[in-house]
Amino acid sequence: MTKLVLAIDDDKYVHHVIEESLAGFCQLIHAKNGDDGLRQALKYNPDIILLDVEMPGKSGYQVCTELKNNEQTKDIPVMFLSGKSELPERVKGYNAGAADYIVKPFNAEELMARIRVLYQYRQHSIKLKNDVERAQITAEIAMTDSGDMGRIMRYVGQTYHAHDLQSLSSYFFEFFRPLNLDVVVAFWYQDVGVVCTDDGGVCPLEQELLEKHRYSNRFVDFSSRTIINYPKVSILIKNMPLDDVALYGRYKDLFPHILEVTNAKIQDMEVNEKALAQAHTVGNAFNELASQLFGSSEARESTVAVLATQLAELRILLQQSCAADDQALTSHIAQLEQTQLQLATLNDDLTFIEHQLNHIIDSRSELNDSLSKIASPEHTQDVTSQTDIELF
């Protein structure tokens, strides 16, 4: 399906650059100012809107706000085109409702890549819209039947059964659905950000905001949004009730409990993964050492036997050649016998080491099995969902 892109900009040269950059990639509609762009958006319902920030008449921020306030155009992803790269400008664009922000000048590859992401984001959002509506209905029912502490305890129990980010995020969003909050979560797993939403669609600007504010204060409020940060997890709440002091205070008391549990769970997952990797590394080293010892044992035993034969023959030769010097003969024979004894003892020691290595390898296999079960245990029973909570 051909993507339909609306470009709103007062600069003819920018329209020319966009036209050349997206030739053959999508179908373009051009608007010369904000009012023209609003009319074109209502008429054609494009898949993506490219919007200049600074224009005569209505600014890009004003146009974006009007688009997001209109029922017909509110779901169309908007990408700002601007010559300003500072974070406050990006935040301002996000507050106006934009899904992405690209700085002029841009190249064709970057523009196409970002349009592709936004297009997939919108298609995915449309596909899941009915599911989200059903989930919201279920969440409203659950909200009336459960208290905060009961739901926190339920979440703690659910995280015990979560051993990967996908299952953890599923329980995480299940907790937030009854609150009717639109949440984006970033798991900082092994220092790599894994960003998720309940409907599966994450716009680039949301991900960028979470990354930029990762090391900021615990609570970061802007417009109707709030970011809450922990070392291993951050959330962006897109519709935080900042104007409702009582409800906002309740959420500020409630959410740290959930994030602390999530933070501890991610730390445990990292430790388990590291322990399993180390166990595999040590096990492989022991396997290699055992292989080398076992491979050389037959040759070693054969060499010791040959040496014993050669020592016997040498003893006879010495007796024949040194019969006149009994003391010298006795000394030579004693030295040879001592060498033979040392070699036999060494052979016995190596045999014992092989035996011990066998025990270590068996123990290592048991350890690997145990760690693997910890990382991915079998589910013997279903986990009760947040909608089944009983009050206590």
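First compute the accessible area of region 197-280 with a 1.4 Å probe, then give the percent of it belonging to carbon and sulfur atoms.
Of the solvent-accessible surface of region 197-280, carbon and sulfur hold 49 percent.
Could you run the Debye sum over the Cα atoms of region 163-210, one equal point scatterer each and no solvent, and tell me log10 of I(q)/I(0) at q = 0.17, 0.19 Å⁻¹, two decimals?
Values, matching the q order: -0.50, -0.62.
How large is ³J(HN,Hα) for each residue in region 158-173, as worked out from phi by the Karplus curve 6.51 cos²θ - 1.76 cosθ + 1.60 (θ = phi - 60°), to whole Hz, x for Gly and Pro?
5, 5, 4, 8, 9, 10, 8, 5, 5, 5, 5, 5, 4, 5, 4, 6
In whole Hz and in residue order, list the ³J(HN,Hα) couplings for region 90-98 that follow from phi through the Karplus curve 6.51 cos²θ - 1.76 cosθ + 1.60, θ = phi - 60°; x for Gly and Pro.
Values per residue, Gly and Pro as x: 5, 4, 4, x, 5, 4, 6, x, 6 Hz.
With a 1.4 Å probe and all protein chains kept in place, how do TYR189, TYR215 rank by accessible area, largest first?
Numbers: TYR189 40, TYR215 185 Å².
Of TYR189, TYR215, the descending order of accessible area is TYR215, TYR189.
Would you work out if region 1-127 is rounded, prolate or oblate? Take a ≥ b ≥ c from the square roots of the eigenvalues of the alpha-carbon gyration tensor; rounded if a/c is under 1.5, else prolate when a/b is larger than b/c, oblate otherwise.
In terms of gyration-tensor shape, rounded.
So which trypsin sites (Lys or Arg not before Pro) in region 145-251 are both in a DSSP loop and have at most 16 other Cβ atoms within 10 Å of their Cβ? If you can, show how the numbers build up before the last one.
On the way: sites: ARG151, ARG154, LYS212, ARG214, ARG218, ARG225, LYS232, LYS238, ARG250; in loops: ARG214, ARG218, LYS232, LYS238.
Sites meeting the loop and neighbour criteria: ARG214, ARG218, LYS238.
Residue by residue through region 17-34, what is 3J(HN,Hα) from phi via Karplus (6.51 cos²θ - 1.76 cosθ + 1.60, θ = phi - 60°)? Round to whole Hz and write x for glycine and proline.
Per residue, the Karplus-derived 3J(HN,Hα) values read 5, 5, 4, 5, 5, 9, 4, x, 9, 7, 9, 10, 10, 10, 10, 8, 7, x Hz.
Over the Cα atoms, compute the radius of gyration (one decimal) and Dmax (the largest Cα-Cα distance, rounded to a whole number) for region 194-250, in Å.
Both quantities, over Cα of region 194-250: 11.7, 32 Å.
Please give the length that would be gained between LYS252 and LEU4 if that part of the chain were fully extended, namely 0.36 nm times their separation in residues minus their C-alpha to C-alpha distance (nm, one decimal).
85.1 nm
Probe of 1.4 angstrom, ligands and nucleic acids ignored: what's the accessible area per residue over region 1-133, in square angstrom?
For region 1-133, the solvent-accessible area averages 50 Å² per residue.
Under the 0.36 nm per residue contour assumption, what length would be gained going from the current alpha-carbon distance of VAL282 and ASP131 to full extension?
Values: separation 151, 0.36 × 151 = 54.36 nm, distance 4.72 nm.
Between VAL282 and ASP131, full extension yields an extra 49.6 nm.
When the label point is put 7 Å from the Cα of LEU242 along its Cα-to-beta-carbon vector, which residues of region 96-126 have a backbone N closer than 17 Å?
What the label zone holds, given the 17 Å backbone N cut-off, is 96-98.
Report the percentage of all Cα-Cα pairs in region 188-290 whose separation exceeds 22 Å, rounded to a whole percent.
When all Cα pairs of region 188-290 are counted, 44 percent exceed 22 Å.
The values are calculated or read from the model by the stated rules, or taken from the named source; none is laboratory data. Remember, it's a predicted structure, so these values are computed and weren't measured experimentally. Because the Cβ atoms are built from the backbone with ideal geometry, glycine has one as well, and the counts that use them run over all protein chains shown. These area figures cover heavy atoms from the full protein model, side chains too; ligands, DNA and RNA do not enter into them. Shrake-Rupley method; radii C 1.70, N 1.55, O 1.52, S 1.80 Å.
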